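One structure below.
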Amino acid sequence: YANMKLTFSMTMNTGTTVSRSDISTDALYINSGATLTDSFVVTRVPDRNYGHIAHSYLTKASGTNGSMGFYDNGRATESVFVMSYLELSGPSTRLEDSYVSNLYLNGTVTGSIVANLYNSGSAGRVEGTDVILNQYNTKNIFFENSFISSQTDFSDVYDGLGLPVDEIGDGFAETSFELNGTTHTVDGIVNPRSSRNFANGIDDIWDANGVGALWDAANPELFPEP
């Protein structure tokens, strides 16, 4: 257990595990082979993750550009990211069973909720996820078994295959469909959903129990003072 309020950046080296901690830092760098688990993190400038983030809540300090990029085999499971953005920056990066407020995608998302989906330009995949498409209408992303919406409350849905139909994903954004008056072009769609994967929202994928040292889930953006 640790409650750390740092005025500098924090680096987790290979073989390091940080667990049940509250961390406030300029930036957090998680190297390959390092694990952050069961922790609450507030950052102020962009972070980098090459390792594994598990069952943790990450957010940005008020008025800052706190964000995170995943690189190489960087991944996260059962976590929440309420940041300026999260970016999956390569085909081996993954987000699983998590919630993210803003996502730039060039990797794979499975079993998650994405409140605002962007595209980093290269191919990405969204599987078994509830997703809200942002205003940029071309995304080189393949959707499988996912609920596709344009509204913050998931009140609308596109549950077709688009045209031309691509149920495999060839890495090119050529399949188009219209949702809420906007034409979106994506890599392809297979097994679209007409009902949400997670009808109860974040409560279906996130359990705050066991996170942090002093962190209060009732005030999730507030850094706990000892």
**Study point:** Hull-based mean projected area of region 61-168, where the convex hull spans the alpha carbons, in square nanometres
**Key:** 6.9 nm²
**Study point:** Rounded if a/c under 1.5, otherwise prolate or oblate - region 5-99, Cα gyration tensor axes
**Key:** rounded
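Take each of the peptides 88-96, 51-59, average the number of other beta-carbon atoms within 10 Å over its residues, and list them starting from the highest. Please list the in-between numbers first.
Numbers: 88-96: 20.0, 51-59: 23.2.
In decreasing order of mean packing, 88-96, 51-59 become 51-59, 88-96.
Using a Förster distance of 25 angstrom, determine the FRET efficiency expected from the C-beta separation of ALA218 and ARG20, and round it to 0.05. Numbers along the way, then the final one.
Values: r = 18 Å, r/R0 = 0.72.
Once rounded, the FRET efficiency stands at 0.85.
Given contacts defined as C-alpha pairs under 8 Å and at least six residues apart, what's the relative contact order of the chain, whole-number percent?
Value for the chain: 14 percent.
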Point to revise | Per-residue HN-Hα couplings for region 90-96 [Karplus 6.51, -1.76, 1.60; θ = phi - 60°; Hz; x = Gly/Pro] | key: x, x, 9, 7, 9, 10, 10
Check your understanding: How long, wide and thick is the chain, going by the Cα atoms along their three principal axes, in whole angstroms, largest first?
Key -> 56, 33, 27
Check your understanding: From Cα coordinates alone, what are the radius of gyration and Dmax values for region 34-86 in angstrom?
Key -> 10.2, 30
Review point. What shape does region 145-210 have by the C-alpha gyration tensor, where a ≥ b ≥ c are the square roots of the eigenvalues, rounded means a/c under 1.5, and otherwise prolate means a/b greater than b/c and oblate the rest?
Key: prolate
**Study point:** Unit charges at the beta carbon, dipole of region 1-84: most positive-side option, GLY63, VAL45, VAL18
**Key:** GLY63
Point to revise | region 98-226 - Debye-derived log10 I(q)/I(0), Cα point model, q = 0.11, 0.12, 0.13, 0.23 Å⁻¹ | key: -0.40, -0.47, -0.53, -1.37
Review point. Region 68-129: percent of C-alpha pairs farther apart than 18 Å?
Key: 16 percent
Revision key, fill the gap. Amide H proximity to GLY124 below 5 Å, modelled H, separation 5+ or other chain, gives ILE141, PHE142
**Study point:** Amide N of region 41-59 lying under 20 Å from the label point, which is placed 7 angstrom from the Cα of THR7 along Cα→Cβ
**Key:** 42-46
**Study point:** Ranked order, ILE202, ILE148 - accessible area, probe 1.4 Å, largest first
**Key:** ILE202, ILE148
Practice item. Give me the distance between the Cα centres of region 37-63 and region 150-226, rounded to whole Å. Key: 20 Å
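Tell me, what is the percent relative contact order of region 36-140, built from C-alpha pairs under 8 Å that lie six or more residues apart? Write out the running numbers ahead of the final one.
Numbers: 323 pairs, mean separation 18.3, N = 105.
After rounding, I find 17 percent.
At a 10 angstrom cut-off on C-beta neighbours, averaged per residue, how do the peptides 189-199, 22-32 rank from highest to lowest? It would help to have the intermediate numbers written out before the result.
Working: 189-199: 15.8, 22-32: 20.2.
Going from most to least packed, we get 22-32, 189-199.
The values are calculated or read from the model by the stated rules, or taken from the named source; none is laboratory data. Since the structure is predicted, the reported quantities are computational estimates derived from the model, not experimental observations. Please note: Cβ atoms are built from the backbone with ideal geometry, for glycine as well, and neighbour counts cover all protein chains shown. All accessible areas refer to the heavy atoms of the entire protein, side chains included, with ligands and DNA or RNA removed. Shrake-Rupley method; radii C 1.70, N 1.55, O 1.52, S 1.80 Å.
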